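Chemist: Structure below; questions to follow.
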Amino acid sequence: MGDYSMLSNGDRVLVGVSGGIDSLVLVWLLQGWRKKAPISYTIQGVHVDMEPEGERPGSVARQVAACLKGLGIPCQILPVAWKPSEELLESGNTKDVCFKCSRSRRTQLFGYADHHGYGKLALGHHRDDIIETFFINMMHAGNLSTMVPRQDLFSGRLAIIRPLAYLEKKEVERIGANVGLQAIRSFCPLSEKTRRIDIHLMLEQIYDQLPNAKKHIFAALSNVRPEYLLRSTRRDSHADAS
C-alpha cells in the first residue's frame, strides 16, 4: 500500500467482494488497518449477484452480506447485468464468455463507484493472479502486460487498488484461516473451465521444477529492459493475419 500510495486521508473505498477468500481477506485487512492507520478512510463492500432469486438476492449474495456485516462493513448487492446465454455456453467459446462476463461486472462496479462518489475501488487480486494474467496476455493476446497494484482511471477520478498484490495465494488462504474466514462459493458459468485455470496448472508445473521461478517472474515484471525487446513490425501484423 505504501509503495503505490494506495490510500489517502479522506478516501471513500469501495471493495469488490465476490465471496472468495481473497476478497474476504481484503475486506478484513482494510477494516483492520483503518483502525490503526495514520489516515482516515471509509469502506463499503459491493457484490455483483450472479444468481439473484427474482427480486430477492441469491444465496451467495446473502452470505456475503452477512459475512461483511459481521466485520462491521456495509454491503451493497448489485443484480448481475449480463449472463451468458445457453447458446454461448454450448458454443465452447470460453474466451467470449469470460471477457463479456468480466467486462460487465467491471462496468457495474465502475458505474456504482462513480455514481456514489467512491475514489478507490479495492480488488482482491494477489501475486499469483498478477503472474497468471501476464502469461494469459502473452500467450493469448500477444502482448506483455498484466494487472498492476494501482491503476488510475477516468482522468484520475477512480483508482483501482490491489493491496494483496505482494502476497501469494497460499499466504492469503493462511491469513483467512487464522482469522476464521471461510470462502463462500461463487458462481461461474463455466465451472472454472477457463484459460486462467489452464495457465495456473502450467505454472504450477514450472514452480514444482523451479522452486524460485515465481519469485523471479514477479521480480521481472518490474525489471523490464525495453531495449532488449522486439519492436512492432509489419511482419507481426502479417503473422497475426495468417
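Chemist: Restricting attention to the stretch 202-237, and to residues there that are at pLDDT below 95 and small (Gly, Ala, Ser), which single residue is surrounded by the fewest Cβ atoms within 10 Å (Cβ to Cβ)?
Modeler: Here the residue is Ser232.
Chemist: Pairs, please: C-beta under 7 Å, at least 6 apart or cross-chain, first residue free of Cβ contacts under 8 Å to residues at least 24 places away in the same chain and in the stretch 45-61, second surrounded by fewer than 20 Cβ atoms within 10 Å (Cβ to Cβ) and assigned to a strand (DSSP E or B)?
Modeler: Pro57/Ile77; Ala61/Ile77
Chemist: Ok, one more. What residue, among those in the stretch 1-26 that are touching a helix residue (DSSP H, G or I) at 6+ places or on another chain (Cβ under 6 Å) and among the aliphatic types (A, V, I, L, M), is nearest to Arg162 (Cα to Cα)?
Modeler: By that ranking, first place goes to Val15.
Chemist: Next question, about the same structure. List pairs: first residue in the stretch 188-204 and within 18 Å of Gly19 (Cβ to Cβ), second residue modelled with pLDDT of 90 or more anywhere in the structure, Cβ distance under 6 angstrom, at least six positions apart or on different chains.
Modeler: The qualifying pairs are Arg196/Glu132.
Chemist: Sticking with this structure for a sec: Answer yes or no as to whether Leu14 is at pLDDT 95 or above and outside any strand (DSSP E or B).
Modeler: The answer is no for Leu14.
Chemist: Return the total of residues in the stretch 27-49 being part of a strand (DSSP E or B), under 22 Å from Ser102 (Cβ atoms) and touching a helix residue (DSSP H, G or I) at 6+ places or on another chain (Cβ under 7 Å).
Modeler: The total comes to 5.
Chemist: Next up: Evaluate the stretch 87-107: report whether one residue or more is touching a residue at least 24 places away in the same chain (Cβ under 8 Å) and closer than 22 Å to Pro163 by Cα.
Modeler: So far as the stretch 87-107 goes, yes, one or more of its residues are touching a residue at least 24 places away in the same chain (Cβ under 8 Å) and closer than 22 Å to Pro163 by Cα.
Chemist: Filter the stretch 167-181 down to residues that are in contact (Cβ under 8 Å) with a residue 40 or more places away in the chain and not acidic (Asp, Glu) and give me whichever is nearest to Ser102 (Cα to Cα).
Modeler: Per the criteria, the residue is Lys169.
Yes/no per residue for (1) of a type in the set (Ser, Thr, Tyr); (2) within 30 Å of Pro52 (Cα to Cα):
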| site | (1), (2) |
| --- | --- |
| His125 | no, yes |
| Met138 | no, no |
| Ser186 | yes, yes |
| Lys215 | no, no |
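Chemist: Checking Arg185 against (1) modelled with pLDDT of 95 or more; (2) surrounded by fewer than 12 Cβ atoms within 10 Å (Cβ to Cβ), which single condition isn't satisfied?
Modeler: Among (1) modelled with pLDDT of 95 or more; (2) surrounded by fewer than 12 Cβ atoms within 10 Å (Cβ to Cβ), the lone unmet condition for Arg185 is (1).
Chemist: Of the residues that make up the stretch 51-61, is at least one under 22 Å from Ala165 (Cα atoms) and touching a strand residue (DSSP E or B) at 6+ places or on another chain (Cβ under 7 Å)?
Modeler: Checked the stretch 51-61: no residue is under 22 Å from Ala165 (Cα atoms) and touching a strand residue (DSSP E or B) at 6+ places or on another chain (Cβ under 7 Å).
Chemist: Does the stretch 73-90 include one or more residues that are among the hydroxyl-bearing types (Ser, Thr, Tyr) and assigned to a loop (DSSP other than H, G, I, E, B)?
Modeler: Within the stretch 73-90, one or more residues are among the hydroxyl-bearing types (Ser, Thr, Tyr) and assigned to a loop (DSSP other than H, G, I, E, B).
The values are calculated or read from the model by the stated rules, or taken from the named source; none is laboratory data. Quick caveat, the model's predicted, so the values are computed rather than measured. All Cβ positions, glycine included, derive from the backbone under ideal geometry; neighbour counts span all protein chains shown.
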